[in-house]
Amino acid sequence: MQERNNRPERSERSDRPERRHSGPRRFSPRPSFTTERKFIIGRQPLIESLESGANIEKILIQKNAQGEGLNEIKQFARENTIPIQLVPIEKLNGMTKANHQGVLAFISNVKYLDLQEVIDFVVAKGETPLFVMLDGVTDVRNIGAISRSIHCCGAQALIIPDKGVGALNEEAFKSSAGALEHIHVVRVSSLLKAVDDLHLNGIQVFTSEMRADKNVHELDFNVPSCIIMGDEGRGVQPYLAKAADYFFKIPMATNFDSFNVSVAAGIVLYEAMKQRLFPAAK
């Protein structure tokens, strides 16, 4: 087990012009949820939706589009870690016959929350943080199953990147058996910076490594903890693994490749729950 001392530097936020919707959105302890997939079409409707606090999954903008409102949309997206995808006009035309003005946004099934606000909320409730971070997990059924384990085992939050992860769509909600309605979902622009923020709040970070010296049951989950789970084929990206505090492995009876990522997450979360609920059983 190795402890990592090098921490990425926190970047300073640049000054931004004053806006009616500037600053973080109001934190809600209960995620909002809808099973309907809806669009917001057009620049001004999207701006008004953003200003009113609508939950946006992703924004599609026509390549080389210019004109009024685009800079405001892009700035708001940057401030709230909403992914923007540049697409040809044919894609937008294929999605709607309305006058889209080169802009279309997907309304999210879940309300994404700010990491620091979630940490503050969990600590204020007198709970010990137990979070799961996903790196490169694209199968929405796995994400749903992991979310179910998060809720069942008493963890509080799921941390995902704004790119390179499966969308939290209807299939993800179905796979979670409704658990996504009961946990906090945090979307960040940088997983590495999120690890830095976790460290600054006294939260230790674990990541799986098949060649690790320690088994999962040898870790101490009674302290504030976050578990990084990576894609089954690639694993946790090396730069992210280096930022973690400890490596662990899940023992297996055979030399088979590995557990499915959702199964592995369930095993780790169960171990954390067991240690917290039954300290003598560790």
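Modelled spin-label separation between Ala280 and Asn222, with each label point placed 7 Å from Cα along the Cα-to-Cβ direction: 1.4 nm. Above 16 angstrom, tally the Cα pairs of the stretch 39-107 and express them as a % of all pairs, no decimals. When all Cα pairs of the stretch 39-107 are counted, 37 percent exceed 16 Å.
What whole number of Å gives the distance from the Cα centroid of the stretch 86-142 to the Cα centroid of the stretch 148-210? Result: 12 Å between the Cα centres.
Average the reciprocal distances over every distinct pair of alpha-carbons in the stretch 177-224, invert the result, and give the Kirkwood radius in Å.
Working: mean 1/r = 0.0744 Å⁻¹.
For the stretch 177-224, the Kirkwood estimate is 13.4 Å.
Note on the chain: Rg/Rh from C-alpha atoms, Kirkwood Rh, equals 0.99. For the listed peptides 108-118, 130-140, a ranking on the average number of other beta carbons within 10 Å per residue, highest first, reads 130-140, 108-118.
Stretch Ser52-Asn201 to full length: gain in nm at 0.36 nm per residue minus the Cα-Cα span? Intermediate values should be presented prior to the final figure.
Working: separation 149, 0.36 × 149 = 53.64 nm, distance 3.03 nm.
Between Ser52 and Asn201, full extension yields an extra 50.6 nm.
Once both labels are positioned 7 Å from their Cα atoms along Cα-to-Cβ, the gap between Asn215 and Asp257 label points is 2.4 nm. Residue-wise HN-Hα couplings along the stretch 174-186, as the Karplus relation 6.51 cos²θ - 1.76 cosθ + 1.60 with θ = phi - 60° gives them from phi, are 5, 5, 7, 6, x, 5, 4, 6, 10, 10, 8, 10, 10 Hz; Gly and Pro carry x.
Considering only Ser189, Ser208, Ser108, and ranking their Cα positions along the charge dipole of the chain that arises from unit charges at the beta-carbon of Lys, Arg, Asp and Glu, the one farthest toward the positive end is Ser108. Bridge orientation summary for the stretch 162-282: considering DSSP beta bridges with both residues in this region, about 10 percent are antiparallel. For the stretch 201-282, report the translational diffusion coefficient in µm²/s to the nearest whole number, using Stokes-Einstein at 10 °C, 1.306 mPa s, and a Kirkwood Rh over Cα pairs. It diffuses with D of about 120 µm²/s by this estimate. Using a Gaussian network model of the chain in which every pair of alpha carbons under 10 angstrom is joined by a spring, one finds that among Ser225, Ser262, Ser52 the greatest mean-square fluctuation is at Ser52.
Label-to-label distance for Lys63 and Thr128 is 5.2 nm, based on points extended 7 Å past Cα in the beta-carbon direction.
Calculated from DSSP H runs of 4 or more alone, at -39500 (n - 2.57) each and per residue, what is the 222 nm mean residue ellipticity of the chain, nearest 500? Rounded to the nearest 500, it is -9000 deg cm²/dmol. Largest GNM mean-square fluctuation among Lys249, Lys125, Lys193, using the chain with Cα springs under 10 Å: Lys125. Shown for the stretch 78-224 is the translational diffusion coefficient from the Stokes-Einstein equation, using the Kirkwood radius over Cα pairs, a temperature of 4 °C and a viscosity of 1.567 mPa s: 76 µm²/s. In order along the stretch 234-240, phi translates into HN-Hα couplings of 8, x, 6, 4, x, 5, 7 Hz, rounded to whole numbers, per the Karplus curve 6.51 cos²θ - 1.76 cosθ + 1.60 with θ = phi - 60° and x for Gly and Pro.
Using a Gaussian network model of the chain in which every pair of alpha carbons under 10 angstrom is joined by a spring, one finds that among Glu68, Glu181, Glu57 the greatest mean-square fluctuation is at Glu68.
How many percent of DSSP beta bridges within the chain run antiparallel, rounded to 5?
Working: 10 of 37 bridges.
Taking every DSSP beta bridge within the chain, about 25 percent pair in antiparallel fashion.
Within a straight-line Cα-Cα reach of under 26 Å, Lys242 can be paired with the following lysines, leaving aside sequence neighbours fewer than 8 residues apart in one chain: Lys163, Lys193, Lys214.
Every read-out reported here was derived from the displayed coordinates using simple, explicitly stated rules and does not represent laboratory data. Small disclaimer: the values here were computed from a predicted structure and weren't measured. Ideal geometry is used to build each Cβ from the backbone, glycine not excepted, and the neighbour counts take in all protein chains shown.
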